[in-house]
1. Between residue 166 and residue 519, what length in nm is gained on full extension when 0.36 nm per residue of separation is reduced by their alpha carbon distance?
2. Show that you can apply the helix-only estimate: for the chain, add -39,500 (n - 2.57) for every DSSP H stretch of four or more residues, divide by all residues, and state [θ] at 222 nm to the nearest 500.
3. Would you mind calculating the relative contact order of the stretch 361-457 from Cα pairs under 8 angstrom and at least 6 residues apart, reporting the percent as a whole number?
4. Using only the Cα atoms of the stretch 121-264, each taken as one equal point scatterer with no solvent, compute I(q) by the Debye sum, divide by I(0), and report log10 of the ratio at q = 0.09, 0.12 Å⁻¹.
5. For residue 173 and residue 310 in one chain, what is 0.36 nm times their gap in residues minus the Cα-Cα distance, to one decimal in nm?
6. Determine the distance separating the Cα centre of the stretch 415-474 from the Cα centre of the stretch 53-89; give it in Å without decimals.
7. Listed here are the pairs 55/422; 338/390; 55/418; which of them are more than 18 Å apart at the Cα?
8. Along the charge dipole of the chain, which of 42, 510, 148 sits closest to the positive end, that is, farthest toward it, with unit charges on the beta carbon of Lys, Arg, Asp and Glu (+1, +1, -1, -1)?
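The values are calculated or read from the model by the stated rules, or taken from the named source; none is laboratory data. It should be emphasised that the depicted structure is a prediction, and the values quoted were computed from it without experimental measurement. Cβ atoms come from the backbone with ideal geometry, glycine included; neighbour counts cover every protein chain shown. What goes into the accessible areas is simple: the full protein's heavy atoms, side chains included, and nothing from ligands, DNA or RNA. Shrake-Rupley method; radii C 1.70, N 1.55, O 1.52, S 1.80 Å.
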Amino acid sequence: MSTIKQFIVHIHNFRSFIIKNWIETLLVIFSLFFSFWLMFHTFSYQDGQMLIAGKAWSDFASHIPLIRSFSLGDNFPPEYPLFPGEPIRYHFLFYALVGMIEKVGVQIDYALNIPSALSFAALILAIYFFAKFLFRNRAVGLLSVVFFLFNGSLSFFEFFKTHPLSINTIKDMVTNTTFPSFGPYDGKIISAFWNLNIYTNQRHLAFSFFIVFLITYILYFKTRVHNRIRNSLIAMFLLGILFFTNQAAFVIAFILTGWYVLLNPTERFVTGITAVGTLLVLFFQPIMEASPSIKLHPVFLLPSKVIFSSFILYWFLNFGLSLLLIPIGMLLAPKSAKQFIIPLLFFFVIANIFQFSPDIINNHKFFNFFLILGNTYAAFAILQIWNEKKTLFFGRVISIILFFALILSGVIDFMPIKNDSKIALADIPRNKDAEFFMNTSPKRAVVLNSNSLYHPASIAGRPIFFGYSYFSWSFGYDVKKREAKRLKIFRAEAKNTTCKELLQNNILFVELSKNLDPQIQPDWNFWKDNFVKVYENNKSGITIYDVSASCANK
């Protein structure tokens, strides 16, 4: 067959494939367009400034320094750039990848948004195909995607408290700029972690959940005998990646792997290679410390005393009708889908009993995955009600009501993301303070900082001695000890003592700002009289002192 004829045949086969799978084709197109819009809408770059969505501002204060520590700094072996001097305790791999992409010359918004968007699109498609394979039904897959994008909490009740139903309701929803409920930060019961804001802020989350689905697909759906060893090795490799990308997702994937071993006795030896190999890899790895803060903590963020009624009410408010439809879907599910019920319930139970990091809020990742997987059963339950022949009309009316009840809060929650304002963060060279650090300081130079968020040294990829304490505390660092050291240095009255402390902590530069953290209370004259000033910016109010030049003979 000639080359032209072969080309025509390929074109015809491709066209036939697209026509046959037009739903999947449209879903791929939608996933890519929506994901790229979502990520670039919340983080972009213009006129030498990073434009960060207001609702992502706090999280990016941790992400930007971490990215820049790899792109503009020298962060290997990795340390957390807001708490240098110890092995990193934060799953850094995704942001290290972003940093490497920026390092080769890609602008930071593209370096971050392209992997973020591709990961989010991949997660959408993974949810669809997982549900489709599990229930042998395209509609279940599509509904599962919709329920993922638009959460089913009952936060719409909070919205209607401040925006009563009227002829302006649609306008109120479309122009809304605040989440109706954002617990625990606003004091309300319904948590902030069920809407898409969690994926625009924690850019590594979609990537890690996609890997969990990929591991699950390899183990549960790729069962050809001659591929078992290969699949096991691939799963082991992906589990290793997960540990450095998202530790909660690693635990989820490890549980799913262990459950597969229990369900398949004939494959326990081969699949066991996955578990044992992964543990050995993690045991011998020296570059990251896992947080040791596992302890008992009943019922996530429940603010009241834990009794059965308060437990049910809490999760009904947070999960809405999913709390009812997921068990119904489990009961009605085909045998192939029932194999995931036990691990799914296990995720919900352990996250309601144990606290896996110093901050209980981090348990939300278990509940996020529980909802993703659980809503495939909810989708199946709704379709069963829709297709019930004995009560066809009423079944379809009920299904429609259930559907809208499951997405209404998500629709309302989407608008604050869409309508969010941007905060500009000056980048190098527009940020002259950050430019100084980039051009003058060694790439691993530790800077003693007088303020914490978006420090110019962080923008230049240099570690600061004591970044925003919440970040470091939530990762398991001893922030009280570090804060005491910082205050001791800034309040010192003897140069010999100060130099000794600075050198012992590998600090090369000291920064003092007019906008310093109020608890520092430095003696400005002490620093002016005893330390060599190498930079001053009257506009930003920053003064920088060189430790090496000041303490050369100490």
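1. Details: separation 353, 0.36 × 353 = 127.08 nm, distance 4.93 nm.
Extra length from residue 166 to residue 519 when fully extended: 122.2 nm.
2. Working: 26 runs with 336 residues, N = 554.
It comes out at -19000 deg cm²/dmol, rounded to the nearest 500.
3. Details: 30 pairs, mean separation 13.8, N = 97.
Once normalised by length, the contact order is 14 percent.
4. After summing over all Cα pairs, the log10 values are -0.40, -0.65.
5. Values: separation 137, 0.36 × 137 = 49.32 nm, distance 2.99 nm.
Result: 46.3 nm gained on full extension.
6. A separation of 9 Å, based on Cα centres.
7. On the way: 55/422 9 Å; 338/390 25 Å; 55/418 11 Å.
Going by Cα-Cα distance, 338/390 fall outside the 18 Å limit.
8. 148
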